[in-house]
Amino acid sequence: MGLFKKDELKNLWPFYIERFLAHLLYFAPAFWILQLQQYLSLFQIGILFSVYALSTFIFEVPTGAFADLYGRKASVIFGYFLSALSVSILLFFNDFLVMLCIFILWGGAHSFISGAKEAWVVDNLNYKKKKHLVKEFFVKEQAIILVALFISGFLGAYLVNKNGLNTIWFFATLSYLVGAILVFVKEHKITKEKKSSFSDLFKHSKTSIKYSLKHKVLFFMICGTFFIMLRDSFGGDIVWQPFLKDLGLPTYAFGFILSASTILGAVATLLTKPISKLFKKEKNYLVFLLVIVILLDTAVLFVNNYIWGIILLLLMLISIYMFMPINQNLFHNNVPGKLRATVTSFNSMIISLAYALSFPLSGYLADIISPKYTIVLGSIFLIPALIFYLKIKQK
């Protein structure tokens with residue numbers, strides 16, 4: 001039995017290559033909180049990530065509707081180039097107000113990519129009558145990203161140790177420019193490209209939002225996702241990087257953590273499909289993983305050295321990696337093709353709203369009560385998420 005299904009590489013190889021090369025160069029997340037901490041407090045860093053999320057929130061549905069009506073390809077490529085421009089400016093400025101403007105631009109650029117890229121792939125596969133490859137794509141894409149990040153962690157550790165933390169922005173810029181490879185991929189749209197007014201864009205957006213709110217599975221998934229993302233700010237880079245640094249972990253070693261987490265995540269992702277089949281329904285599998293993360297978040301309370309901190313962090317990331325592909329598949333199975341990009345963008349908009357609300361709070365609490373207790377408090381947000389996923393009635 002081969003690693004790839006029949007016709008999988010024929011239809012998806014450009015997306016797989018782009019994902020690999022882009023993430024090979026994108027080791028910035030392993031170090032960016034530490035880099036920003038050179039000039040800012042955790043509360044200020046939280047504000048930066050908040051305005052990024054808020055910018056994404058504002059532009060998500062309009063850009064998603066644009067992708068539905070005018071083409072996913074144009075939206076994705078434009079988003080990559082605008083992101084590259086935004087990140088490149090961070091090489092030269094460390095003033096808080098300047099960074100604030102850059103993060104707003106960066107968030108807007110991201111909204112052109114989110115939703116549209118997934119819709120582009122799914123619609124291409126549906127057009128070619130290869131719907132069975134959709135789930136394969138979400139699983140394999142995640143595995144390919146993780147393999148690339150495994151190598152990226154070592155690359156980042158070497159470059160940061162040799163050239164300093166600012167080097168992360170140069171390679172992040174290159175990683176976005178790699179997206180230009182997708183220019184050569186043809187797009188098969190379900191909706192015809194046509195000239196439409198802004199009123200048409202917002203009408204399409206309104207239709208998609210109403211569909212999401214009335215659809216019982218999508219509504220509960222979107223509500224659950226909101227609380228999962230609230231927890232993500234309390235259990236993400238903004239607290240974990242300072243937490244491990246306070247425990248004595250050297251700065252360059254964060255690259256090694258990235259490598260370790262990604263190779264374990266790649267293995268976990270490939271095991272996602274067979275393990276999820278042990279559960280009668282996908283929602284039961286997702287609920288199980290949410291319970292695991294709650295327990296791991298609570299266990300941080302007892303960590304007093306960076307070895308145990310790293311072990312808990314890796315276990316959390318493995319749980320998240322196993323959650324994402326099945327969650328995406330369940331979501332897209334309930335979205336009609338003609339609304340796919342906009343509904344996906346609406347979901348991303350909710351995610352951005354959660355981040356906008358929680359990043360400043362988690363940064364402020366980390367400054368006041370320490371990153372350790374901030375991580376533990378984050379587990380509270382997963383309780384309502386658990387309730388919403390339990391309410392899903394999956395056929």
Checklist line | Ranked list, fewest to most other Cβ atoms within 10 Å of each Cβ, for 123, 367, 95, 246 | finding: 95, 246, 367, 123
Margin query: Report the Cα centroid-to-centroid distance between segment 1-67 and segment 128-150 in angstrom, as an integer.
Written below: 16
Check: Extent of segment 241-395 along each principal axis, from alpha carbon coordinates, in Å, largest to smallest?
Finding: 50, 34, 27
Check: Most exposed first by the Cβ proxy, i.e. fewest other Cβ within 10 Å, how do 308, 106 rank?
Finding: 308, 106
Next item on the list: Just round it to a whole percent: the fraction of Cα-Cα distances in segment 113-170 exceeding 16 Å.
Entry: 60
Next item on the list: Using per-residue counts of other Cβ atoms within 10 Å, averaged over each peptide, order 12-19, 79-86 from highest down.
Entry: 79-86, 12-19
Check: Considering every Cα-Cα pair within segment 267-354, what fraction, in whole percent, is farther apart than 17 Å?
Finding: 59
Next item on the list: Compute the label zone of residue 3 within segment 114-153: residues whose backbone N is under 17 Å from the point 7 Å along Cα-to-Cβ.
Entry: 136-152
Check: With N residues in segment 8-51, what two-decimal value do you get for its Cα radius of gyration over 2.2 N^0.38 Å?
Finding: 1.77
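Counting pairs of Cα atoms in segment 35-89, how many percent are more than 19 Å apart? Walk me through the numbers before you get to the answer.
On the way: 663 of 1485 pairs.
The answer is 45 percent, as a whole percent.
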Checklist line | Inter-probe distance in nm under a simple model that places probes 7 Å from Cα toward Cβ, at residue 383 and residue 369 | finding: 1.3
Note to self: Give me 136, 118 sorted ascending by neighbouring Cβ count inside 10 Å, so fewest comes first.
What the structure shows: 136, 118
Next item on the list: Pop the C-beta distance of residue 174 and residue 307 into the FRET formula with R0 = 30 Å and round what comes out to the nearest 0.05.
Entry: 0.35
Next item on the list: Alpha carbons only, please: Rg and Dmax for segment 77-144, in angstrom.
Entry: 16.5, 51
Next item on the list: Give me the lysines in straight-line cross-link reach of residue 245: C-alpha distance below 21 Å, same-chain residues under 8 apart excluded.
Entry: 162, 372
Item checked: Dmax and Rg, reported as Rg then Dmax, of segment 334-395 (C-alpha, Å) -> 16.0, 47
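What does the convex hull of the Cα atoms of segment 68-188 come to per residue, in Å³, rounded to a whole number?
In segment 68-188, the Cα convex hull volume per residue is 109 Å³.
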Notebook entry, point to check: How far apart, in nm, are the 7 Å Cα→Cβ label points at residue 271 and residue 166?
Noted result: 4.3
Next item on the list: Please report, in cubic angstrom per residue, the volume enclosed by the convex hull of the alpha-carbon atoms of segment 19-123.
Entry: 100
Item checked: Low-density loop positions, chymotrypsin sites (Phe, Trp or Tyr not before Pro), segment 213-286 - DSSP coil, at most 14 other Cβ in 10 Å -> 279
Checklist line | Debye equation applied to the C-alpha atoms of the chain, log10 I(q)/I(0) at 0.09, 0.10, 0.11, 0.12 Å⁻¹ | finding: -0.51, -0.64, -0.79, -0.96
Next item on the list: List the residues of segment 332-349 whose backbone N lies under 19 Å from a point placed 7 Å from the Cα of residue 210 along the Cα-to-Cβ direction.
Entry: 335-347
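Just so you know, all these numbers are worked out from the coordinates, no wet-lab data involved. As the structure is a computational prediction, the values presented were derived from the model and not from experiment. Please note: Cβ atoms are built from the backbone with ideal geometry, for glycine as well, and neighbour counts cover all protein chains shown.
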